[in-house]
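Student: Shown below is the structure under consideration.
The values are calculated or read from the model by the stated rules, or taken from the named source; none is laboratory data. Just so it is clear, the model here is predicted, and its values are computed rather than measured. Cβ atoms come from the backbone with ideal geometry, glycine included; neighbour counts cover every protein chain shown. All accessible areas refer to the heavy atoms of the entire protein, side chains included, with ligands and DNA or RNA removed. Shrake-Rupley method; radii C 1.70, N 1.55, O 1.52, S 1.80 Å.
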Amino acid sequence: MEIDFLSHMRIVPDHRIAGMVTYPLDEILLVTLTGIVCGADDFEEIETVGRGLVVWLRQFLPFRQGVPRAQTFRKVFRLLPPDALERGFVSWVYSLSRKVRGVVAVDGKTLRGSKGAPDGTGALHLLSAYACEAGLVIGQLAVDGKSNEIPAIPLLLDMLALEGAIVSIDAMGTQTDIAAAIIAKKADYVLALKGNQTSLHQDVRDYFADAELVKDCTRHTETDAGHGRIEERSILVCADISWLKERHPQWQALNSIAAVTAQRTSKKTGQTSTETRLFITSLPPHAAAILAAVRAHWSVENNLHWQLDVSFGEDGCRTRKDNSPLNLAIIRHAALNILKKNPAKLSISRKRLNAAINPNFRTELFAC
């Protein structure tokens, strides 16, 4: 039986000296992936899981020398080239879901446990592309801090098959070259708008502040009750923006502008808070569809970042030397994809526990 993930990782070179390798690279990658799927969060725990499951692992690869010690995992992951591992990852994800549907949220996250200094500097900052409908990470790229996300976003987009998708990015990524890169990939964009785009932001804000002008806007409202609060989300969308295009002709395929207002009321205290966010988009002025795209982007915090921190202990992982933080993060994303791809109605934490104790469920996961 062959694991599809490993077939895509054959492009990753092993820079160890040929003839002096005790543990083949594919075995190291398989143990690492299996360990993380089964609840391991660092190399010591990966070794423990691997040694406990070595008989099960041998249905895929020989493991003639058994499972290596944690120190071997560390050395290998420090030297593995992340760009090759990333290319293998993107190829593997494409094989799982050849056409990305719906919203692809591009967002950054700092892995705080990887910091190299007491003041927090040197921590790995990872820019990820998350396909919200499929629940899959489809690509990631390391950047030198949040302030350097802007030049990295087009590089990440270039790696991905995005035709027909809707790419959403927060205000930092609202740049003309990024919008152009999305359109070049035959995708649409929904970009948050804040003060970093000074004149464009001011023009859109002034438009939605005019009660007479917004009378012609398309509108849609949704209400949710949960988590101890009632939230009403309303959207205004304007498509008659020829005036805006004349003032800002550098924005490719700009079709609509939107204002999304979220009003949250605490069931316990009755206190209400209101926040309005502005967006530009290449989508036509379908209010419900644009609001759905905005909501999908907001969900990346719970469905990706929260899962990585709470279910996988990513912020607590102290792996920090050379390439190992990024390489381990890529395998962690692969493990999350495998767990999310499985249809069992269990939380990610329970799926990891079930994978550790139930060999049938574990085999089912790796058959995807």
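Student: Counting only heavy atoms of protein chains, what accessible area per residue, in Å², does the chain have with a probe of 1.4 Å?
Tutor: On the way: 17000 Å² over 368 residues.
Value returned for the chain: 46 Å² of accessible area per residue.
Student: Let me have the 222 nm mean residue ellipticity of the chain computed from DSSP H runs of 4+ only, each contributing -39500 (n - 2.57), with the sum over all residues rounded to the nearest 500. Don't jump to the answer; show the numbers that get you there.
Tutor: Values: 14 runs with 141 residues, N = 368.
Per the formula, -11500 deg cm²/dmol.
Student: Would you mind getting me the FRET efficiency between Thr274 and Ser199? Use the beta-carbon distance for r and R0 = 35 Å, nearest 0.05.
Tutor: Numbers: r = 26 Å, r/R0 = 0.73.
Once the sixth-power term is evaluated, E becomes 0.85.
Student: Let me ask something else. With each label point set 7 Å from Cα along the Cα-Cβ vector, what nm distance links Asp309 and Asp206?
Tutor: Label-label distance for Asp309 and Asp206, simple model: 3.9 nm.
Student: Once phi is turned into ³J(HN,Hα) by the Karplus curve 6.51 cos²θ - 1.76 cosθ + 1.60 with θ = phi - 60°, what whole-Hz value does each residue of the range 125-139 show in order, with x for glycine and proline?
Tutor: Along the range 125-139, the couplings run 10, 10, 9, 10, 10, 10, 7, 5, 5, 7, x, 10, 6, 10, x Hz.
Student: May I ask you to derive the FRET efficiency for Tyr94 and Gln71 from their Cβ-Cβ distance with R0 = 45 Å, giving the value to the nearest 0.05? Provide the component values of the computation, followed by the final result.
Tutor: Values: r = 34 Å, r/R0 = 0.76.
Efficiency for this residue pair is about 0.85.
Student: Related question: Quick check: from the Cα gyration tensor, does the range 280-368 come out rounded (a/c under 1.5), prolate or oblate? Present the calculation step by step, with values, prior to reporting the outcome.
Tutor: Details: a/c = 2.55, a/b = 1.48, b/c = 1.72.
Here the range 280-368 falls in the oblate category.
Student: Calculate the spin-label point distance for Lys245 paired with Ser299, positioning each point 7 Å from the Cα along the beta-carbon direction, and give it in nanometres.
Tutor: Inter-label distance under the simple model: 3.2 nm.
Student: Compute for the chain: radius of gyration divided by Kirkwood radius, i.e. Rg/Rh, restricted to C-alpha atoms, rounded to two decimals. Walk me through the numbers before you get to the answer.
Tutor: Values: Rg = 22.7 Å, Rh = 22.3 Å.
My calculation puts Rg/Rh at 1.02.
Student: Could you give the distance between the Cα centres of the range 171-245 and the range 12-83, to the whole Å?
Tutor: What the calculation gives is 47 Å, centre to centre.
Student: Next up: May I ask which residue of Leu346, Leu155, Val204 lies farthest towards the positive end of the charge dipole of the chain, with charges of +1 (Lys, Arg) and -1 (Asp, Glu) on Cβ and the Cα centre as origin?
Tutor: Looking along the dipole axis, the top candidate is Leu346.
Student: Taking the chain as a Gaussian network, where each spring joins two C-alpha atoms under 10 Å apart, which residue of Met172, Met159, Met20 fluctuates the most?
Tutor: Checking each option, the largest mean-square fluctuation is seen for Met20.
Student: Using the Cα gyration tensor of the range 1-44, with a ≥ b ≥ c the square roots of its eigenvalues, what is the shape: rounded (a/c below 1.5), prolate (a/b larger than b/c) or oblate (neither)?
Tutor: Working: a/c = 2.37, a/b = 1.36, b/c = 1.74.
It comes out oblate by the Cα gyration axes.
Student: Report, please, the projected area of the range 1-132 averaged over directions, based on the convex hull of its C-alpha atoms, in nm². Display every interim value, and only then the final one.
Tutor: Details: hull surface 38.8 nm².
Orientation-averaged projected area of the Cα hull: 9.7 nm².
Student: Also: At a 1.4 Å probe radius, carbon and sulfur cover how many percent of the accessible area of the range 154-239?
Tutor: Working: 2020 of 4140 Å².
Carbon and sulfur atoms account for 49 percent of the accessible area of the range 154-239.
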